[in-house]
Amino acid sequence: MQGEWRAIDGKATESMAGRLLVAAPTLKDPNFDRTVVLLVAHEPGGALGVVLNRATEIPVADVLGDWGELARHPAVIFEGGPVQPDSAICLARMRHPLRRMKSFQQISGAIGTLDLSVDPAQLQDAISGIRVFAGYSGWEPGQLEQEIEGGSWFVLDALPGDAFMDRPDDLWPMVLRRQGGLMAAVAHFPADVALN
């Protein structure tokens, strides 16, 4: 959960699970250009997250049947990242975040991961929406911290609605604009400008 202290490379560091990684304009890796990643886990063994703003055109119902009824608009599969694109990670938003469920692993507040092997009909009263990601974004121990230090990512607080936006393409500039000041100006950086 967000805020726990962990020992990474012999140093105590705060877990960033539940926070957003917002790609800086200088990050030109096509896997992450102008992406917003929700960190699902950040531990001594590395970090794992899902890209929140890369919707596909494949309906959740076409791949996962009845789970499509719980999927928030747009009810499509999202590209979670370049690692294991044939696997699925499901984010869910609970209606009552203090209620414990075996199939739900809390990340932050009412947001967590959900086990897709459960019958979705059993969860309709507990879950206000899901989002399904094909693949994920992963970092080896210390790799993410190096990328952050190198200026590739901004680490920002997530709002509960970020993972379930109706218009995910608008998430990158929206998250930057709400920071104010110079960070808000970054939201207007042209996508086609080459940086050296």
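The values are calculated or read from the model by the stated rules, or taken from the named source; none is laboratory data. Predicted model only: the values in this text are computed from it and were never measured. Using ideal geometry, Cβ is built from the backbone for each residue, glycine included, and neighbour counts are taken over all protein chains shown. Ligands, DNA and RNA are excluded from the accessible area calculation, which covers all protein heavy atoms including side chains. Shrake-Rupley method; radii C 1.70, N 1.55, O 1.52, S 1.80 Å.
A few comments on the model shown:
- Counting Lys and Arg as +1 and Asp and Glu as -1 over every other residue whose Cβ lies under 12 Å from the Cβ of A134, the net charge comes to 0.
- Around P173: net Lys/Arg minus Asp/Glu count, Cβ-Cβ under 12 Å: +2
- Order by protection proxy (mean Cβ within 10 Å, highest first), peptides 151-159, 34-42: 34-42, 151-159
- The chain, accessible area per residue, ligands and nucleic acids excluded (1.4 Å, Å²): 52 Å²
- DSSP-defined beta bridges in the chain - what % are antiparallel, rounded to 5: 90 percent
- The share of accessible area on the chain that comes from carbon and sulfur is 50 percent, using a 1.4 angstrom probe.
- Set of region 130-160 residues, backbone N closer than 19 Å to the point 7 Å along the Cα-Cβ line of L116: 130-138
- Amide H contacts under 5 Å for V76: V60, restricted to partners 5 or more places along the chain or on a different chain, H placed in the peptide plane at 1.01 Å from N.
- All other residues whose Cβ lies under 13 angstrom from that of R93 are scored, Lys and Arg at +1 and Asp and Glu at -1, for a net of +3.
- Dipole-positive endmost among P190, G65, I127 within the chain (Cβ charges, Cα centre): I127
- Residues in region 142-151 carry Karplus couplings, in order, of x, 5, 4, 4, 5, 5, 5, 4, x, x Hz; the curve used is 6.51 cos²θ - 1.76 cosθ + 1.60 with θ = phi - 60°, and Gly or Pro positions show x.
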